[in-house]
Ligand SMILES: [Zn+2]
Ligand SMILES: [Zn+2]
């Protein structure tokens, strides 16, 4: 086994405890007060200079060593999800309806274990910025931190982030350069018609029929407008209209989720959806309003930094445990916004596959972070930091 990994395994126990403590006390987006205070206290005790309250509940720990000029950013996320935990674990959530179902408790613990090792025994020369962000789950905590001056106050030559992945064997890493996670945009469509008696439809303009037709027509955006070699998702996740079988309602609403893996497709989806909604509504004598909300950007890993991150994984666990160019995902991640400012890479660490407990998918009430990754993920961060900020 890699000697660094052996060291981190020996040091892991208190960080597994921290992981389970955070798991027991999950906090939703921008409410990560306890978690942030715990992280800040540890970092300060180990000699980091810490700024809290960046982007709400975010914080940065800074450690400068030697005369090296390079500056590295490592990011972990801290927020939980509004899910009722069903694991039955002894350290299960003590907050009703809130759960660490995406493993951000583990990401925080991995980065803390690395922070401890780097402060105590790290051989590096340069500036280390450990970024603990709030609100990854849809709240855009990364954007809030950037708007609060994250990279102005703590400039980085590269940033890296790591997410656990159920379905990928524990002990494996998966990397990818280029577009890796999808953009996510949201639209609320309000179809306005003319309400009336269910028995006298010709005196009404029925928004239910218009909305139903819009749902079907939207299926052609991906199948007929997007290049078949590109990726896109258009999902109508909610459709609300009416109360009674003999009343034609005056309005209907649709909630739409839209994903793409490049900027041109993302723009095309918006343009086509708006055009189809307007034309369909009009053809039924209704009108439609689209409230379009831009979500997370496409996450694009830069080639040079991804190559660097690949080499770290290869040296830590060997070629048989590293996927060098994994397929992209249609999920979204607000680390995308950090990568719009600074080159870097976002990689996956296996949480377990097959019948193992770690194979349960994230955002599932039965999910749990694999504690074997506290040492492995920390060893990865330490090796990456020592390489990136190599002492002369
Ligand atoms: Zn998640
Ligand atoms: Zn997550």
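Points to keep in mind about this one:
- If only residues of the range 328-357 that are in a strand (DSSP E or B) and more than 15 Å from ligand 1 (Cβ to nearest atom) are counted, the one that is nearest to the chain's Cα centre (by Cα) is 347.
- Flag if residue 92 is touching a helix residue (DSSP H, G or I) at 6+ places or on another chain (Cβ under 6 Å), modelled with pLDDT of 95 or more and either buried (at least 20 other Cβ atoms within 10 Å of the Cβ) or closer than 19 Å to residue 24 by Cα (or both): no
- Among the residues making up the range 95-127, those that are within 15 Å of ligand 1 (Cβ to nearest atom) and crowded, with 21+ Cβ neighbours inside 10 Å are 99, 100, 101, 102, 103, 104, 105, 106, 107, 108.
- All positions within the range 179-206 that are farther than 15 Å from residue 294 by Cβ and in a strand (DSSP E or B): 179, 180, 181, 189, 190, 191, 192, 194, 196, 197, 205
- Residue in the range 146-161 that is within 16 Å of ligand 1 (Cβ to nearest atom), touching a residue at least 40 places away in the same chain (Cβ under 8 Å) and under 27 Å from residue 312 (Cβ atoms) present: yes
- Evaluation of residue 133 against (1) farther than 28 Å from residue 356 by Cβ; (2) surrounded by fewer than 24 Cβ atoms within 10 Å (Cβ to Cβ) (one fails), failing number: (2)
- Restricting the range 149-163 to residues that are crowded, with 20+ Cβ neighbours inside 10 Å and within 22 Å of residue 295 (Cα to Cα), the residue that is farthest from ligand 2 (Cβ to nearest atom): 150
- Qualifying positions in the range 95-137 - within 12 Å of ligand 2 (Cβ to nearest atom), in a helix (DSSP H, G or I) and touching a helix residue (DSSP H, G or I) at 6+ places or on another chain (Cβ under 7 Å): 105, 106, 108
- Residue check for residue 76: at pLDDT 95 or above, part of a strand (DSSP E or B), within 17 Å of residue 371 (Cα to Cα) and in contact with a strand residue (DSSP E or B) (Cβ under 7 Å, 6 or more places away or on another chain): yes
- Restricting attention to the range 17-62, the residues that are free of Cβ contacts under 8 Å to residues at least 40 places away in the same chain and touching a strand residue (DSSP E or B) at 6+ places or on another chain (Cβ under 6 Å) total 5.
- Failed condition for residue 140, given (1) within 14 Å of ligand 2 (Cβ to nearest atom); (2) over 27 Å from residue 390 (Cβ atoms); (3) in contact with a strand residue (DSSP E or B) (Cβ under 6 Å, 6 or more places away or on another chain): (3)
- In the range 358-392, the qualifying residues are those that are surrounded by fewer than 15 Cβ atoms within 10 Å (Cβ to Cβ) and away from ligand 1 (no atom under 16 Å from the Cβ), and the one that is farthest from residue 95 (Cα to Cα) is 392.
- Matching residues in the range 47-63 - criterion: being surrounded by fewer than 16 Cβ atoms within 10 Å (Cβ to Cβ) and under 18 Å from residue 113 (Cα atoms): 47, 49
For every residue, the table says whether it meets (1) surrounded by 21 or more Cβ atoms within 10 Å (Cβ to Cβ); (2) over 32 Å from the mean Cα position of the chain (by Cα); (3) not in a strand (DSSP E or B).
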site	(1), (2), (3)
216	no, no, yes
224	no, no, yes
230	no, no, yes
233	no, no, no
244	no, yes, yes
264	no, no, yes
267	no, no, yes
278	no, yes, yes
285	no, yes, yes
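- Within the range 348-373, the only residue that satisfies the criterion of being in contact with a helix residue (DSSP H, G or I) (Cβ under 7 Å, 6 or more places away or on another chain) and farther than 16 Å from residue 102 by Cβ is 353.
The values are calculated or read from the model by the stated rules, or taken from the named source; none is laboratory data. All figures in this text were calculated on a predicted structure; none of them were measured in a lab. Counting neighbours? That spans all protein chains shown, and the Cβs are built from the backbone with ideal geometry, glycine included.
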